[in-house]
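Worksheet for the structure shown next.
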Amino acid sequence: MHNHLENTSKVSEKLPARQTSLFYRPFFLAYCAFTVYFYYSVIQPYLASGDVYGPRLLADSITYEAICTIEREFLDLATIRDIGPCLGLWIFSYNSGLLSFVNAGLIVLSVIWLAKTYGRAWEPMLALVLINPITFCSIFGANKEVFALTSFAMLAIFIRSRSLLALCICLVTALFTRLPAFATTVSYCLLLVIMLPRSGSISANIKQRYWFIIAGMVVFTTLVSVVFGEALQLNLLGDFSTAEDVSRSTEFSLSLNNLSASGLYTVVYVMRLLLNFYSGAIGFTNLLQGEGANYYTVAVAGSSTIFIFLSGLLVYRGIPSDMSKTADFWNILLFIVYVTILLCLSPVIQHRYFFGIYIILVLFTFNRKAESYA
């Protein structure tokens, strides 16, 4: 698979832009055709059934609609954690087809804009984004994953171009994910504008500023985890993890809470980050045995596997040379640490909450191409 991706990258570098477009055009056309077919053959009947425990392709989409229209009044305190999906449903009059079209448009436009901003070929980047099973599942219905992906892409664009439009879209789409995630993004953008350097090479002295900020985040989150101790239930993803959620965790996950309460949050952070990124791939073993197989578990397992592959590829090849020594790379790296170190305070392991970072992995996968692709 590595050789295939590397060969694809070489083909993209050697072929003219027109031929490269012809290379990816059949894939995009087939993807669109299958998406439309899947919507009318699976999604519409699923939504019409109102069965929350149906194929579960959409994760919590039916739950969001039930919360916003049936069980509770819109935007009361009980639904505040789901403000994004509820607002999206309300804006588009609970029309799943229109919402799916908007989701797909956000993904495509975000990837193309990001690729052009960093001088990458947008066709292979878009293809790599689309083949992630969570991307496909997130096209249909209300969810937070599309907006997280868009928000992270817009932030990366703002880091390079300082586009106010990208910043506005970043903050609005962050609001559609989770309120604490929105607050985290806002605070990081303020940090970015106030004290972090813009594009260009940076010196060793400037790098010390990044390490100082990261050290401060480690100290802060360690103190939070120690103060809350074993009773830590604060979920910075936008809700409060219940005792039932934690009880479903593995014994290993629960032991991490004890380490966190002992002041070893740095160790816990690394382990939880690895679990959130990659542990979903373990689900393939259950799927092969026919246990718990559904669209959602397949999507998580597939996405985790792609995370493993791209992470390994980055370790093997390194960060693209046009970014590795620039402020852009360090600003993006700091954002990833900034967000994940707060998200990992949650004792619940959930891969899709970290799905927005996938767009960053894709960006780092490809080197800068010729101007014909910029």
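List of remarks:
- Per-residue SASA entry for Phe23, accessible area with 1.4 Å probe, Å² rounded to 10: 110 Å²
- Distance between the stretch 146-209 and the stretch 94-142 - C-alpha centres, whole angstrom: 20 Å
- Ranked by solvent-accessible area (1.4 Å probe, protein heavy atoms only, all chains present), the residues Val219, Val108 order from largest to smallest as Val219, Val108.
- When the residues Leu264, Leu190 are ordered by accessible surface, computed with a 1.4 Å probe over the protein chains alone, the sequence from largest down reads Leu190, Leu264.
- For Tyr358, net neighbour charge (Lys/Arg +1, Asp/Glu -1) across residues whose Cβ lies under 12 Å away: 0
- Computed with a 1.4 Å probe on the full set of protein chains, the accessible area for Phe220 sits at about 110 Å².
- Solvent-accessible area of Val102, all protein chains in place: 40 Å² (probe radius 1.4 Å, heavy atoms, ligands and nucleic acids excluded).
- Surface listing: Trp113, Trp330 arranged by accessible area from highest to lowest gives Trp113, Trp330, probe 1.4 Å.
The values are calculated or read from the model by the stated rules, or taken from the named source; none is laboratory data. What you see is a predicted model, and the numbers here were worked out from it, not measured in a lab. Heads up, the Cβs are rebuilt from the backbone with ideal geometry, glycines too, and the neighbour counts pull from every protein chain shown. SASA here: full protein model, heavy atoms, side chains in, ligands and nucleic acids out. Shrake-Rupley method; radii C 1.70, N 1.55, O 1.52, S 1.80 Å.
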